[in-house]
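**Q** Dropping the structure in here first, questions after.
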Amino acid sequence: MNLPDYKEAKSRKEKTTEIEKYIYNSNYSNIGYGKKYFVKTYGCQMNEHDSENICAMLEEMGYTLVDNYMDADLVILNTCSIRENANNKAFGMLGRLKNLKETKKDLVVGLCGCMAQEEKVVDKIFSKYKWVNFVFGTHNLHRLPIILNEAFLKGKTEVEVFSKEGNIIEDMPVKRTSKYSAYVNIIYGCDKFCTYCIVPLTRGRQRSRTKEDIIKEINSLIKDGYKEITLLGQNVNAYGKDFDYHYDLANLLEDVAKTGIERIKFTTSHPWDFTDLMIDVIAKYDNIMPFIHLPVQSGSSRILKLMGRRYTREDYLTLFDKIKSKVKNVSISTDIIVGFPGEEEEDFLETMSLAEYCKFDHAFTFLFSKREGTAACRLPDITSISGKEDRLYRLNDIVNKYFLENNMKMIDKVCYVLVEGTNKKKGSLFGYNENNKLVNFMGSEDLIGKIVPIKITKAKTWNLDGEIYE
Ligand code: SAH
Ligand code: SF4
Ligand code: F3S
């Protein structure tokens with residue numbers, strides 16, 4: 001039994017990272033024989049990608065995927081703890097699983113992901129959710145077959161949560177959701193410790209994969225017919241900072257572009273680590289998509305300082321303008337937190353004016369949520385919840401207005417869409433264009449997986465309609 005420990009999770013003592021290969025163990029290959037599994041994923045793309053590894057490991061153990069948890073013998077919740085409501089969602093699902101377990105005694109339930117790294121969550125599972133069969137942390141992903149086997153042998157809740165990150169595990173099996181677009185991790189963890197954020201505690205120290213391992217993975221994706229890759233990291237712009245030689249995101253993007261893969265996306269970018277050279281490389285290669293997710297969090301330098309973001313409003317705007325002027329046809333999206341402790345109306349108005357200036361193509365807006373173990377948790381917070389909600393509505397009005405305005409500018413223009421599938425209700429096809437905008441259009445299913453020129457005919461706030469351009 002290994003329990004989460006925040007003190008250990010916060011320490012950043014080790015400097016080097018070893019690479020370890022995942023080893024398939026045939027001793028576990030019959031555990032899931034004839035049994036069905038279901039994985040429910042919450043949170044970010046990194047969690048989605050982890051679930052692709054989980055599914056592949058379960059299939060190596062003989063399990064078969066079902067698309068409804070009611071039909072499963074094994075259910076795993078891959079959880080997120082970024083905000084309180086993410087935790088609530090997973091606990092709600094645990095409630096439903098408890099009911100199911102009353103009629104289906106052999107149902108096995110596991111919980112993993114970022115919530116598993118929280119001390120309080122594991123305590124709660126021991127006190128209120130004793131029937132959960134196993135819990136494993138983000139640093140224990142590759143040990144799933146061993147942990148599951150232990151849970152079966154012991155017959156009581158098995159918990160394995162390492163608080164400290166271990167080695168980088170290469171060659172994990174993966175069952176990819178899409179045949180055309182793939183996630184590729186480039187950096188794990190985060191050392192930024194923004195004062196509101198739990199991620200440095202749940203995902204550990206910043207560790208970059210080597211260029212060789214990343215390029216090898218991309219080349220094999222190209223061979224398998226993949227058209228698009230998304231390079232993943234909590235802060236991809238910090239890529240390589242943990243190496244004892246110089247090789248950063250600009251170098252990596254250039255090497256990835258040279259593999260010839262048709263489309264490269266990357267997320268998430270921290271403004272602090274964005275260099276001019278990175279912008280130049282993005283501008284230079286046609287296969288690096290002109291789409292950048294650049295979270296600002298607040299338009300007030302005073303709040304940014306309290307958040308520990310290490311850039312000012314002016315720094316952000318300078319970077320924003322530089323990217324807009326150098327990268328042709330670029331779209332920029334952002335994340336904004338409203339109601340950070342100590343945010344006054346005046347600070348909020350600065351966020352509003354920044355949103356007016358930047359006219360973001362997309363923005364995820366959140367109410368601040370207190371996360372235990374983070375520095376902001378201890379800051380005095382006087383604004384009422386209704387006052388914060390009012391700010392959120394006002395901000396959403398502005399950002400939504402610009403999503404639509406930007407989309408309207410696309411009308412009659414031609415863009416290229418990687419077709420992902422069909423909309424069941426409307427019978428139309430859908431996919432994303434170079435700017436990561438969702439486009440719907442009528443066409444034959446043979447186009448799925450292809451990159452198709454589409455002329456935009458109609459703009460909505462959240463998506464575009466178009467027709468095939470011939
Ligand atoms: N690594 C990314 C962010 C990951 S979390 C980055 O640095 O940009 C995604 C978003 O969740 C953050 O950008 C932030 O806007 C929001 N977020 C994180 N912690 C939060 C909290 N405690 N309350 C509200 N929103 C939060
Ligand atoms: Fe969280 Fe900040 Fe790291 Fe992003 S950069 S994951 S917001 S600590
Ligand atoms: Fe959530 Fe963990 Fe991602 S907290 S946003 S699943 S890194």
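The values are calculated or read from the model by the stated rules, or taken from the named source; none is laboratory data. Since this is a predicted model, take the numbers as computed values, not measurements. Cβ sites come from the backbone with ideal geometry, for glycine too, and all protein chains shown count toward neighbours. Heads up: the accessible areas ignore ligands, DNA and RNA and are worked out on the full protein's heavy atoms, side chains in. Shrake-Rupley method; radii C 1.70, N 1.55, O 1.52, S 1.80 Å.
**Q** How many angstrom lie between the Cα centre of segment 197-253 and the Cα centre of segment 431-464?
**A** A separation of 28 Å, based on Cα centres.
**Q** Accessible area per residue of the chain at 1.4 Å probe, in Å²?
**A** Computed with neighbouring chains in place, this is 45 Å² per residue.
**Q** Let me ask another. Just in segment 108-137: which chymotrypsin sites (Phe, Trp or Tyr not before Pro) are loop by DSSP and have at most 16 other Cβ atoms within 10 Å?
**A** When the chymotrypsin sites (Phe, Trp or Tyr not before Pro) of segment 108-137 are filtered for loop state and at most 16 Cβ neighbours within 10 Å, 131 remain.
**Q** Which far-off residues, 5 or more places away or on another chain, put their amide H under 5 Å from the one on residue 172, with H placed in the peptide plane?
**A** So residue 172 has HN proximity to 22.
**Q** Within the accessible area of segment 6-106, what % is carbon and sulfur when the probe is 1.4 Å and the other protein chains stay in place?
**A** Carbon plus sulfur share of accessible area: 49 percent.
**Q** If the cut-off is 14 Å between C-alpha atoms, which aspartates and glutamates fall inside it for residue 120, apart from same-chain ones fewer than 8 positions away?
**A** Within reach: 5, 84, 372.
**Q** Cα-Cα over 32 Å: which of 223/425; 7/89; 156/211?
**A** 223/425; 156/211
**Q** How big is the gap, in Å, between the Cα center of segment 27-58 and the Cα center of segment 260-335?
**A** One Cα centre to the other: 33 Å.
**Q** Strictly over 27 Å apart at the Cα level, which of 36/437; 424/458; 241/326 would you flag in this model?
**A** As for pairs spanning more than 27 Å Cα to Cα, those are 36/437.
**Q** Write out the cysteines belonging to the chain for which the nearest other cysteine Cβ is not under 4.7 Å, or none if no such cysteine exists.
**A** Cysteines of the chain left without a disulfide-compatible partner: 44, 55, 80, 112, 114, 190, 358, 377, 415.
**Q** If the only charges are +1 at each Lys and Arg Cβ and -1 at each Asp and Glu Cβ, what is the size of the charge dipole of the chain around the Cα centre, to the nearest 20 debye?
**A** The calculated dipole for the chain is roughly 820 debye.
**Q** A further question on this structure: Relative contact order for the chain: what percent, with Cα pairs under 8 Å and sequence separation of 6 or more?
**A** Relative contact order comes out at 11 percent.
**Q** I need the calculated FRET efficiency for the pair residue 455 and residue 243, taking r as the beta carbon distance and R₀ as 45 Å, to the nearest 0.05.
**A** 0.50
**Q** On alpha carbon coordinates alone, what is the Rg over Rh value for segment 189-274, Rh being the Kirkwood radius?
**A** For segment 189-274, the value is 1.00.
**Q** Give the dimensionless ratio obtained when the Cα radius of gyration of segment 414-468 is divided by 2.2 N^0.38 Å.
**A** This ratio for segment 414-468 stands at 0.96.
**Q** Compute the Rg/Rh shape ratio of the chain: radius of gyration over Kirkwood radius, all on alpha-carbon atoms.
**A** On the Cα set of the chain, Rg over Rh gives 0.96.
**Q** Okay, moving on. Using +1 at the Cβ of each Lys and Arg and -1 at the Cβ of each Asp and Glu in the chain, identify which of 45, 221, 3 lies farthest towards the dipole's positive end.
**A** Value computed over the given set: 3.
**Q** Taking every DSSP beta bridge with both residues inside the chain, roughly what % is antiparallel (nearest 5)?
**A** Given both bridge residues lie in the chain, the antiparallel proportion sits at roughly 30 percent.
**Q** In whole percent, what relative contact order does segment 170-408 give with Cα contacts below 8 Å and a gap of six or more residues?
**A** RCO, segment 170-408: 17 percent.
**Q** Loop only per DSSP, at most 16 neighbouring Cβ atoms within 10 Å: give me the trypsin sites (Lys or Arg not before Pro) in segment 373-423, ordered by residue number.
**A** In loop regions of segment 373-423 (DSSP not H, G, I, E or B), the sparsely surrounded trypsin sites (Lys or Arg not before Pro) are 409, 413.
**Q** Let me ask something additional. If the viscosity is 1.567 mPa s and the temperature 4 °C, what Stokes-Einstein diffusion coefficient in µm²/s follows for segment 18-137 when Rh is the Kirkwood radius over Cα pairs?
**A** After rounding, the answer is 87 µm²/s.
**Q** Among the listed pairs 192/284; 40/175; 216/450, give every one whose C-alpha distance is greater than 20 Å.
**A** Distance filter (> 20 Å) returns 192/284; 216/450.
**Q** Given a 1.4 angstrom probe, I'd like the percentage of the accessible area of segment 170-408 that is carbon and sulfur, rounded to a whole number.
**A** In segment 170-408, the share of accessible area belonging to carbon and sulfur is 53 percent.
**Q** I need the phi-derived Karplus couplings for segment 383-399: 6.51 cos²θ - 1.76 cosθ + 1.60, θ = phi - 60°, integer Hz, Gly and Pro marked x.
**A** Going residue by residue, I get 5, 5, 4, 5, x, 5, 4, 4, 4, 4, 4, 4, 5, 4, 4, 5, 5 Hz, with x marking Gly and Pro.
**Q** Further question on the same structure: Please state the charge dipole magnitude for segment 11-75, taken about the Cα centre, from unit charges on C-beta atoms (+1 on K and R, -1 on D and E), reported in debye and rounded to the nearest 20.
**A** Dipole magnitude for segment 11-75 comes out near 280 debye.
**Q** Shape verdict for segment 170-408, please, from the Cα gyration tensor: rounded (a/c under 1.5), prolate (a/b greater than b/c) or oblate.
**A** Note, shape of segment 170-408 comes out prolate.
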